[in-house]
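Asker: Here it is: the structure, laid out below.
The numbers here are math on the coordinates, done by the rules we state, and not lab data. Please read all numbers here as calculations on a predicted model, not as lab measurements. Note: ideal-geometry Cβ built from the backbone for every residue, glycine included; neighbour counts use all protein chains shown.
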Amino acid sequence: MLILVGASASGKTEIARRLIKYYGFHKFVTHTTRPPRKGEVNHFDYHFVSLEEFNRLEASSFFIETVHYNGYKYGTSYNEIGPKKVLIVEPNGANEFHKKSPSSVTIILIQTPKEIRKERMLKRKDQIGDIEKRLENDDELFAINQLDRIDYIVENNHISLPELTKKVYAYYTNKGDS
């Protein structure tokens, strides 16, 4: 299983989409209380649930891990675990997977400069207040020392999406930069 970790607008979602489309991966669909963004599809992008439903699932030990991020709850369920799955989580989620299943996961940290991330969030029309809050919070949340294990770090600094995806896939298959 491949775990992608990266700050807001680091490119992790686009990398995951390309891994699914071109490399035969399957999306690990997480639960969230966040409302869908334009174009997001329930049960494909996320399982969008109410706060009450999320809390009920959490109380019944449905999730491997949960996090409260940017005002919403996110959770990864045991039901989604499987081979050649790609999951996007924040560091605490990656740490939980590392603790519970260290040999079956590859953890890749996507690092993207703050200026590029801000530009991407503006382009996708995020609210300026949300952008500033995410950029500030992400500096601490996604610092390298927040991860118990990182298998690879991928620098996303003006690299094309196809090249970036190829690099992530090569790391996942232990081929390095080939």
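Asker: I'd like the FRET efficiency for Arg37 and Glu136, computed as 1/(1 + (r/R0)^6) with the beta carbon distance as r and R0 of 22 Å, rounded to 0.05.
Answerer: Calculated value: 0.60.
Asker: Run the reach check for Lys38 against lysines, Cα to Cα strictly under 17 Å, same-chain hits fewer than 8 apart removed. What comes back?
Answerer: Lys123, Lys125
Asker: Cross-link list Lys12/Lys114; Lys73/Lys133; Lys21/Lys85; Lys12/Lys84; Lys114/Lys166: which exceed 20 angstrom alpha carbon to alpha carbon?
Answerer: From the list (Lys12/Lys114; Lys73/Lys133; Lys21/Lys85; Lys12/Lys84; Lys114/Lys166), the Cα-Cα distance tops 20 Å for Lys114/Lys166.
Asker: OK, next. Could you give the length gained on full extension between Tyr78 and Gln111, defined as 0.36 nm per residue of separation minus the Cα-Cα distance, in nm?
Answerer: Numbers: separation 33, 0.36 × 33 = 11.88 nm, distance 2.76 nm.
So the chain would gain 9.1 nm between Tyr78 and Gln111.
Asker: Give me the number: length gained by fully extending Ser104 to Asn157, i.e. 0.36 nm times residue separation minus the C-alpha to C-alpha distance, one decimal in nm. Present the calculation step by step, with values, prior to reporting the outcome.
Answerer: Numbers: separation 53, 0.36 × 53 = 19.08 nm, distance 2.86 nm.
The span from Ser104 to Asn157 would gain 16.2 nm if fully extended.
Asker: Same structure again: Springs between alpha-carbon atoms under 10 Å, Gaussian network over the chain: tell me which of Ile88, Ile20, Ile107 tops the mean-square fluctuations.
Answerer: Ile20
Asker: For n ≥ 4 DSSP H runs only, could you compute -39500 (n - 2.57) per run for the chain, divide by its residues and tell me the 222 nm figure to the nearest 500?
Answerer: Helix-only estimate at 222 nm: -11500 deg cm²/dmol.
Asker: So for the stretch 36-173, Kirkwood radius off the Cα pairs, Stokes-Einstein at 20 °C and 1.002 mPa s: how many µm² s⁻¹?
Answerer: Values: Rh = 16.9 Å.
Rounded to a whole number, D works out at 127 µm²/s.
Asker: Let me ask something else. In the chain, what percentage of the DSSP-assigned beta bridges are antiparallel, given to the nearest 5?
Answerer: So the antiparallel bridges in the chain amount to around 30 percent.
Asker: A further question on this structure: As a test, work out the antiparallel percent of DSSP beta bridges whose residues both lie in the stretch 29-80, rounded to the nearest 5.
Answerer: DSSP beta bridges in the stretch 29-80 are roughly 75 percent antiparallel.
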